[in-house]
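Visitor: Okay, here's the structure, questions in a sec.
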Amino acid sequence: MNAATGVPIKPVTIQVGNKGPGRLGATVEDLMGMLMSDRWPDRSSPKFSRAMSACIDATVGGSGDRAPTAFVDAAHDAGIAASPDDDRKTNPHRTDKVRSDRGAERSKQPLAGHLR
């Protein structure tokens, strides 16, 4: 781990409330900052504790592999939308690659008009 950049993860975005852009977490430290934010609605749940534990484990030399999943679980438990997880459930076209009917991978971009 590079102390200047943190433990990299697959990016996660959350939307707390309905105002403003979502917050992006690209490192375990980003996730910890969101969990500790005064905007996080519930710090008493077991899923919150698991997410914090996974983040702490990653920062002290463990793998960051568990942190994003635990974070998304805690977000859902707190009623917070988390992407890419929620995007893929509600809009399957919000992925980098999708399989065509023949099984070949192809790029897929969402329609701009659909997002308005």
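Visitor: For region 49-60, take each phi angle, set θ = phi - 60°, evaluate the Karplus expression 6.51 cos²θ - 1.76 cosθ + 1.60, and give the result in whole Hz per residue in order, putting x for glycine and proline.
Guide: These are the phi-based 3J(HN,Hα) values: 4, 5, 5, 4, 4, 4, 5, 4, 4, 5, 6, 9 Hz.
Visitor: At 7 Å along the Cα-to-beta-carbon direction for both Arg39 and Ala26, put a label point, then send me their distance in nm to one decimal.
Guide: 1.8
Visitor: In addition: For Asn18 and Ser63, calculate 0.36 nm times their separation in residues minus their Cα-Cα distance, and state this gained length in nm to one decimal.
Guide: Result for the pair: 12.9 nm of gain on full extension.
Visitor: Next up: For region 62-76, take each phi angle, set θ = phi - 60°, evaluate the Karplus expression 6.51 cos²θ - 1.76 cosθ + 1.60, and give the result in whole Hz per residue in order, putting x for glycine and proline.
Guide: In residue order, the calculated couplings are x, 7, x, 4, 7, 4, x, 5, 5, 5, 4, 4, 5, 4, 4 Hz.
Visitor: With +1 on each Lys and Arg Cβ and -1 on each Asp and Glu Cβ, how big is the dipole of region 8-83 about its Cα centre, in debye rounded to the nearest 20?
Guide: My answer is approximately 160 debye.
Quick note: the coordinates plus some simple rules give every number you see, no bench work behind them. Here the structure is a predicted model, which means the values were calculated and not measured. Positions of Cβ are backbone-derived with ideal geometry, glycine not excepted, and every protein chain shown enters the neighbour counts.
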